[in-house]
Amino acid sequence: MLVIPSCSLRSKYIRTIPINQVILDPVNKLKYIIEEKRSNNNTLSKVASPYFGDEEPLVLEVSDESLKIANPNRFNPSVLMKNRIAELEDKVVQLNNHLSSSSKYEQIKDGIIYAVKMNGSLEESELELEAFIKSSWKNPDVLHSLMLGQKRLQSKLLELLSKESIEKEIVF
């Protein structure tokens, strides 16, 4: 009995390939033909069926996101989790580098974004910012001017995350 493994491409990627196209699986190097099959609930879907003909297959350059996850019986899933954690840690390092390279020290507190120019070390700027926050709540004029010039919280967070400046202000 001949056992042929299933195609290693995700169905989302298979949907982008034309019907009756012969492809070469990038993982197991077997030929598959893209066909439309009717499922139990009477809907059509594209599937990759084994192909034994002589037609030359289309060689695909597929990203890792378009491949099925390997069989968990033969693959350690903790490796995937470790890779994802490493990617997230790299992203955190990039965001911290972006924030520390800025000429301003910013903090979001009570729905208001406070910004102070960096003078010396980060600790000195933090102390200066805390003093400014306390004094702004004691003086209504300073608080009013802060609220008038306040950018939307979501756009500021997006700016910090995407490193793009978004100039949208709330108009009272």
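Bear in mind these aren't lab numbers, they're just calculated from the coordinates by the rules spelled out. These numbers come from a predicted model, not from an experiment.
Taking square-rooted eigenvalues a ≥ b ≥ c of the alpha carbon gyration tensor, is region 11-66 rounded, prolate or oblate, where a/c under 1.5 means rounded and, failing that, a/b exceeding b/c means prolate? Oblate, since a/c reaches 1.5 and b/c is not below a/b. Greater than 25 Å separation of Cα atoms is the criterion. Which listed pairs, 91/134; 117/138; 29/68; 12/37; 29/82, meet it? Exceeds cut-off: 91/134; 29/82.
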